[in-house]
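Derivation of every value follows stated rules applied to the coordinates shown; laboratory data play no part. None of the values given here were measured: they were computed from a predicted structure. Backbone-built Cβ (ideal geometry, glycine too); neighbour counts: all protein chains shown.
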Amino acid sequence: MPPIFPSNSSLILASASPRRKELLSRLGIPFEVKALNTPEPLDQSPPSEQVVRLALAKLEAFRSTYPTTKRPILCADTCVDIDGRILGKPSNEEEAEKMLFRLSGRWHRVITALALGLEGEPPIIKSAVTEVRFAKLTKAEVHWYIETGEWRDVAGAYRIQEQGALLIEEIRGCFYNVMGLPLRLVYGMLRDTVPDVFPNP
């Protein structure tokens, strides 16, 4: 696939996530990572609204820090939603264990909001939702998974792309969204904003 942007006008990925960096690399898009440490306070609004708010906040923070940037800016926020509540990143093994038992045998949603900033244009906002069903986990399975250490620094305490795949029975929607970046949605957003490169059919 040819680059979406010329090398002198590459996309900026405003995210510190190594998984998003890895996934975006698969699209053949030249990009530069410029991450900010943006606070991510939660509130009582629905998870689907919170991820949009946080993605926009990241974009606004980036533009405030780099006001002269003319390149496209991609920001994202992903959450794990069960029963209308967000499961964040566990801070220790005990929290991770509680999250895994809560997900056990049930469906939950992974929601990612994308905010694309273009010079002189209002932000473009899109969201993706993937439904994930966990197997009914035994205590031994949960304790084994805790020992892998994959629960660290990830919402919901599991990584679908690694050994966490063994915990999951079914998904509905984009697999890559569960990793934090729905690739088809990213591609579509970029295609629609640079029609000379990706003409619409």
HN-Hα J in Hz across the stretch 96-106 - Karplus 6.51, -1.76, 1.60, θ = phi - 60°, x for Gly and Pro: 4, 4, 4, 5, 5, 5, 5, 7, 3, x, 10
Structure-derived mean projected area of the Cα convex hull in nm²: which label, when the choices are [x] 11.8; [y] 13.4; [z] 10.6: [x]
Label-point separation, Ser48 to Asp192 (7 Å along Cα→Cβ), nm: 1.6 nm
Note, ³J(HN,Hα) from phi for the stretch 137-144, Karplus 6.51, -1.76, 1.60, rounded to Hz, x at Gly and Pro: 8, 8, 4, 5, 5, 5, 5, 4
Placed amide H near Leu137: partners under 5 Å, 5+ positions off or other chain: Gly105
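Output the peptides 135-145, 16-26 sorted from most to least packed, where packing is the average of other Cβ atoms within 10 Å over each peptide's residues.
Highest mean packing first, the order is 16-26, 135-145.
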Rough spin-label spacing in nm, given labels placed 7 Å along Cα→Cβ, for Ser25 and Phe175: 1.9 nm
The stretch 7-94 - convex hull of the alpha-carbon atoms, volume per residue in Å³: 119 Å³
Cross-link table Lys34/Lys126; Lys98/Lys136; Lys21/Lys58; Lys34/Lys58; Lys34/Lys70; Lys98/Lys139, entries beyond 19 Å C-alpha to C-alpha: Lys34/Lys126
